[in-house]
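**Student:** Provided herewith is a single structure, encoded as structure tokens, for subsequent inquiry.
Since every read-out is calculated from the coordinates, none of them should be taken as a lab result. A quick note: this is a predicted structure, and the numbers were derived from the prediction, not measured. Counting neighbours? That spans all protein chains shown, and the Cβs are built from the backbone with ideal geometry, glycine included.
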Amino acid sequence: MTEASPNGPTGSDDDDPTGPIPSDDPAGDPIAPASDQSGPDPSHARSGRSNEFFLALAGIAATVVVGLAGGWLTYQASTRQIEAESDRAALSFNREQRKTAYTEYLNALFDVDGAEYDIRYQHNPSLSGPLDSKQLEDQYKAYIAAKDRLNRASSAVLLLASRDVADARAAISDDHGKRYFQIDDLMAAVRNGAPRQLITQRRLEINLASPDLEQRFGDAAQKDLGIAE
């Protein structure tokens with residue numbers, strides 16, 4: 001039989017039905033769990049600000065792209081309009097140039113035709129009358145001056161004319177080229193004191209211009225200028 005301790009029961013504190021006595025020391029209190037209301041996570045806040053920045057940047061980029069595309073389309077449209085207006089102006093200017101060149105050519109051609117006619121028929125005196133060499137020399141000088149004007153006008157036509165007009169001009173040039181040598185032979189006979197019969201023969205050998213060739217040029221010029229019937 002176990003003897004009882006004079007100080008009372010000797011059992012452990014675990015046997016005390018009342019459990020441990022809470023301590024008044026705050027340091028001894030149990031650690032409370034962390035509260036869920038401690039505030040937002042800073043990393044989440046930074047992530048939100050980054051998303052907003054990139055969204056704003058994407059919006060700016062889209063606006064710039066749209067603006068550039070719109071500006072390019074406007075530039076292209078303006079360029080095409082300027083080119084079209086330039087083409088129309090150039091076409092109109094070129095047409096006026098051709099019209100002037102053809103007119104000057106025909107005027108010079110008529111002057112040459114008249115000078116050739118005067119040399120061939122020499123109105124005063126007539127073919128049957130006495131030869132007036134001075135008058136013939138004057139007519140020849142007028143012919144050479146008209147021929148020079150025709151050559152200058154012919155050069156302008158050659159630069160600006162359509163193929164049909166250029167071909168008609170070439171035919172006229174060949175025709176008048178042969179006549180030039182016939183007139184030159186006549187003047188050589190006069191200057192060398194050839195008999196009147198030979199001089200008359202040289203004059204009769206001069207063939208006048210073909211009206212068909214000149215009509216061909218006029219028709220081609222009107223067609224090229226868009227005024228043909």
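**Student:** How large, in Å, is the range 94-225 by the Kirkwood hydrodynamic radius built from its alpha-carbon pairs?
**Tutor:** 15.6
**Student:** I would also like to ask the following. Less than 25 Å apart at the alpha-carbon level, and either on another chain or at least 8 residues along: which lysines does that give for K99?
**Tutor:** K147, K223
**Student:** Can you tally the net charge around V190? Count Lys and Arg as +1, Asp and Glu as -1, for every other residue whose Cβ sits under 9 Å from the Cβ of V190.
**Tutor:** +1
**Student:** Subtracting the Cα-Cα distance from 0.36 nm times the residue separation, let me have the gained length for L225 to Q201 in nm, one decimal. Could the numbers behind the result be given before it?
**Tutor:** Values: separation 24, 0.36 × 24 = 8.64 nm, distance 4.29 nm.
Answer, rounded to one decimal: 4.4 nm.
**Student:** Using per-residue counts of other Cβ atoms within 10 Å, averaged over each peptide, order 132-138, 185-191 from highest down.
**Tutor:** On the way: 132-138: 13.1, 185-191: 17.0.
Ranked by mean Cβ neighbours within 10 Å, highest first: 185-191, 132-138.
**Student:** Okay, next question. Measure off 7 Å from each Cα along the Cα-to-Cβ vector at N151 and Q215, then give the distance between these two points in nanometres to one decimal.
**Tutor:** Rounded to a tenth, the inter-label distance reads 3.1 nm.
**Student:** Quick one: 3J(HN,Hα) in Hz for the range 157-162, Karplus 6.51/-1.76/1.60 with θ = phi - 60°, rounded, Gly and Pro as x.
**Tutor:** Each residue of the range 157-162 in turn: 5, 4, 6, 10, 6, 6 Hz.
**Student:** Just add up the charged neighbours of R152: K/R +1, D/E -1, any other residue whose Cβ is under 14 Å from the Cβ of R152. Numbers along the way, then the final one.
**Tutor:** Values: positive: K147, R149, R169; negative: E104, D111, D148.
Surrounding charge for R152 is 0.
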